[in-house]
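Beneath this line is the structure, given in structure tokens, with notes to follow.
The values are calculated or read from the model by the stated rules, or taken from the named source; none is laboratory data. Because the structure is predicted, anything quoted here is derived from the model rather than measured. We place every Cβ from the backbone using ideal geometry, glycine too, and count neighbours over all the protein chains shown. Calculation scope for accessible area: heavy atoms of the full protein, side chains included, ligands and nucleic acids excluded. Shrake-Rupley method; radii C 1.70, N 1.55, O 1.52, S 1.80 Å.
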Amino acid sequence: MSKLFGYPEFDSNGEMILTTYDNDYSEMMMDIRVYKLKKDEKRVFMRQEEETAVLLLAGNVVYKWDDVSAEAARRDVFTEGPWCVHVCRNNAVEVTAVEDSEILVQCTHNDREFSSEFYKPEDAPWKYSCVGKFGNVAKRRVNTIFDHDISPESNMVLGEVLNDRGNWSGYLPHRHPQPETYLFKFDRPEGFGASFVGDEVFKSVNNSFSAIPGGELHPQAAAPGFQMYTCWMIRHLDGNPWLQTDRCEDERYVWLHEAQL
């Protein structure tokens, strides 16, 4: 059984490793890392047999890919929407920091080829979920940058969630057979929440992550006073991609859909 939660740190080169194919979180089947880039720093990401998504978390960068160049700026994940470049195997993404910036890089094995995409905030708008349900304490904003419907040749899903202060997400408790990784951020350094993976409960803090094996229930909650951001990343299974309709809620809690709370 792989580990279920992690508290990584940035190394001296500005790299923070979450999951790899051979660390304690190999069951996620993805290589996920976060990088801090100093002003004018450049990094190039290219995997010969893997697709790659490079998501801007904060700052101002210039992306270059497929002889295309585009600038992207995001004050932070709590106030502005996502910018992301997604490429198939053997394609490079170059990122140059116009100012100090932070990016997330998500990779997985994929031998299919597909057209590169540059996703902008208007391509992944925030939409509220569960407004007025469950006593209105599971209201959160969700975006999907790409999934099987948007990028059918991809083996990954990438999206974001913003919990309102003190609210739940991933609620009702639900499961799906595909593994999923969550990266958490909070709008204040002392912010915290609770992350449930099956029968285990972990304290979520800034830059912590959960590694959710397929089939495990996984709701989360943010403490009152703190807004929580979650980058959610799913790995499709061969012949069994994750679909928006695949959410399987725990039957013990479905009565809450009709409850007057």
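Remarks
- Value of relative contact order over segment 108-170, rounded to a whole percent, pairs C-alpha under 8 Å and six or more apart: 31 percent
- Karplus-derived 3J(HN,Hα), 6.51/-1.76/1.60, for each residue of segment 87-94, Hz, glycine and proline x: 10, 8, 4, 6, 10, 9, 10, 9
- In order along segment 151-163, phi translates into HN-Hα couplings of 9, x, 8, 7, 9, 10, 10, 9, x, 9, 10, 10, 6 Hz, rounded to whole numbers, per the Karplus curve 6.51 cos²θ - 1.76 cosθ + 1.60 with θ = phi - 60° and x for Gly and Pro.
- Taking chymotrypsin sites (Phe, Trp or Tyr not before Pro) across segment 117-149, the ones in a DSSP loop with at most 16 further Cβ atoms lying within 10 angstrom of their Cβ are W126.
- Per residue, in Å², the accessible surface of the chain once ligands and nucleic acids are set aside, probe 1.4 Å: 45 Å²
- Whole-Å semi-axes of the ellipsoid equivalent to segment 155-261 (Cα gyration tensor, √5λ, descending): 22, 18, 11
- Estimated translational diffusion coefficient (Stokes-Einstein, Kirkwood radius over Cα pairs, 25 °C, 0.890 mPa s) of segment 1-156: 147 µm² per second.
- Along principal axes, Cα extents of the chain, largest first, whole Å: 55, 40, 34
- Accessible carbon and sulfur surface of segment 129-202 relative to its total accessible area, %, 1.4 Å: 50 percent
- Exceeding the 30 Å Cα-Cα cut-off - candidates K133/K185; K127/K185; K39/K139; K38/K139; K64/K203: K39/K139; K38/K139; K64/K203
- Accessible carbon and sulfur surface of segment 1-93 relative to its total accessible area, %, 1.4 Å: 44 percent
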